[in-house]
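Have a look at the structure below before the remarks.
Read the figures in this text as sums done on the coordinates, not as results from a lab. Since this is a predicted model, take the numbers as computed values, not measurements. Every residue, glycine as well, gets a Cβ built from its backbone with ideal geometry; the counts of neighbours run over all protein chains shown.
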Amino acid sequence: MHIHRTIAEIRQFVRHFKAAGKTIGLVPTMGYFHEGHLALMREAKKTCDVVVVSLYVNPLQFGPKEDLAQYPRDFERDCTMARDVGVDAIFTPSDQEMYPQGFSTFSTFVEVTGLTARLCGQSRPGHFRGVTTVVTKLFNIVTPDRAFFGQKDAQQAIVIQRMARDLNMGLDVTILPTVREKDGLAMSSRNVYLTGEQRRDALVLNRSLCTFRDAIQEGERDAGRLRGMIMDMITAVPGAQPDYVEILAVPDLQPLETLQGRVIAALAVRFGKTRLIDNIIVEV
Ligand code: PAF
């Protein structure tokens with residue numbers, strides 16, 4: 001597995017394979033891999049000739065009070081895991097490589113409007129502008145035929161799909177299902193921050209989403225009642241502080257009163273200092 005730290009190196013690597021007619025898959029990540037990342041890499045391996053994983057903790061998508069400095073990192077472990085699933089190259093640039101002009105004077109941003117108005121777009125101002133800007137840079141650098149994202153970050157994946165379509169980026173954006181621990185907790189690099197008690201408390205996320213799905217199966221269609229049901233379950237856990245719970249139409253992410261078509265229940269909840277997100281998409 002090749003490790004490239006500069007844009008020039010990864011460009012040369014990709015150019016070589018493209019000249020030979022090979023397809024390129026890109027899995028953009030911020031590292032600290034878990035099974036969710038590995039599932040994306042395995043799917044990329046199955047469907048593309050060459051798999052590039054980008055590993056870059058992008059400062060542009062973190063707010064001033066967020067966990068950029070504490071974000072978990074373990075480069076050696078990540079390399080071993082990626083090598084074991086057959087990744088061909090890791091692209092891991094420095095901040096200087098990605099933003100040589102510095103953050104304060106960086107001036108070109110990519111922004112998807114509308115879809116970013118709610119959920120994490122509302123509770124983390126500037127977050128999606130940072131994500132879509134860095135993902136555009138990664139797409140321009142790696143020029144993949146396909147890129148892979150997880151449904152755990154459903155709003156991010158939908159926003160990136162829309163951006164790729166609106167800006168004719170000419171690649172396929174694939175979204176793969178959330179990978180969960182045996183007890184239902186969605187895999188996330190941030191789970192490592194949780195204490196034992198917080199981790200037990202956090203099981204309410206998946207539990208409430210399953211209750212939402214079951215209630216729909218039993219015929220409930222009222223978004224307000226379903227939202228209330230999820231909120232009641234979460235607030236019944238003393239250590240859980242909800243940031244948002246929303247039920248929206250997919251893929252437009254607009255609120256609806258009566259459920260129909262594809263709908264998402266998405267939530268963000270704090271356990272101590274750790275903010276976790278989760279969601280479920282149901283076809284009504
Ligand atoms: O989901 C992530 O890990 C990040 O938001 C991404 C897509 C790699 C952009 O920095």
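I want to confirm something. Restricting to the stretch 78-97 and keeping residues that are touching a residue at least 60 places away in the same chain (Cβ under 8 Å) and assigned to a helix (DSSP H, G or I), which single residue is farthest from the ligand (Cβ to nearest atom)?
For the stretch 78-97, the residue satisfying everything is ARG83.
Can you tell me which residue within the stretch 38-58, out of those that are assigned to a strand (DSSP E or B) and away from the ligand (no atom under 12 Å from the Cβ), is farthest from MET187 (Cα to Cα)?
Looking at the filtered set, the residue picked out is VAL50.
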What about LYS22, is it assigned to a loop (DSSP other than H, G, I, E, B), surrounded by fewer than 21 Cβ atoms within 10 Å (Cβ to Cβ) and away from the ligand (no atom under 14 Å from the Cβ)? yes
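This table checks each residue for (1) hydrophobic (A, V, I, L, M, F, W, C); (2) in contact (Cβ under 8 Å) with a residue 12 or more places away in the chain; (3) surrounded by 18 or more Cβ atoms within 10 Å (Cβ to Cβ); (4) not in a helix (DSSP H, G or I).
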{"position": "GLY36", "(1), (2), (3), (4)": "no, yes, yes, no"}
{"position": "LEU60", "(1), (2), (3), (4)": "yes, yes, yes, no"}
{"position": "LEU68", "(1), (2), (3), (4)": "yes, no, no, yes"}
{"position": "GLU76", "(1), (2), (3), (4)": "no, no, no, no"}
Just to be sure, is LEU119 more than 20 Å from THR29 (Cβ to Cβ), surrounded by 14 or more Cβ atoms within 10 Å (Cβ to Cβ), within 15 Å of the ligand (Cβ to nearest atom) and among the hydrophobic types (A, V, I, L, M, F, W, C)? yes
Reported set for the stretch 166-181 where residues are within 16 Å of VAL250 (Cα to Cα) and either loosely packed, with under 15 Cβ neighbours inside 10 Å or among the hydroxyl-bearing types (Ser, Thr, Tyr) (or both) is THR174, PRO177
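Scan the stretch 133-152 residue by residue and report those that are among the polar types (S, T, N, Q) and either outside any helix (DSSP H, G or I) or near the ligand (Cβ under 9 Å from one of its atoms) (or both). Break it down stepwise before answering.
So in the stretch 133-152, the residues among the polar types (S, T, N, Q) come out as 133, 136, 140, 143, 151.
Listed by number, the list holds a single entry, THR143.
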Does at least one position in the stretch 161-170 carry a residue that is out of contact with any Ser or Thr (no Cβ under 7 Å at 6 or more places or on another chain), of a type in the set (Lys, Arg) and within 13 Å of the ligand (Cβ to nearest atom)? no
I need the helices (runs of 4 or more DSSP H) fully contained in the stretch 153-271, keeping only those with at least 2 residues that are over 28 Å from VAL57 (Cβ atoms). 203-217, 223-235
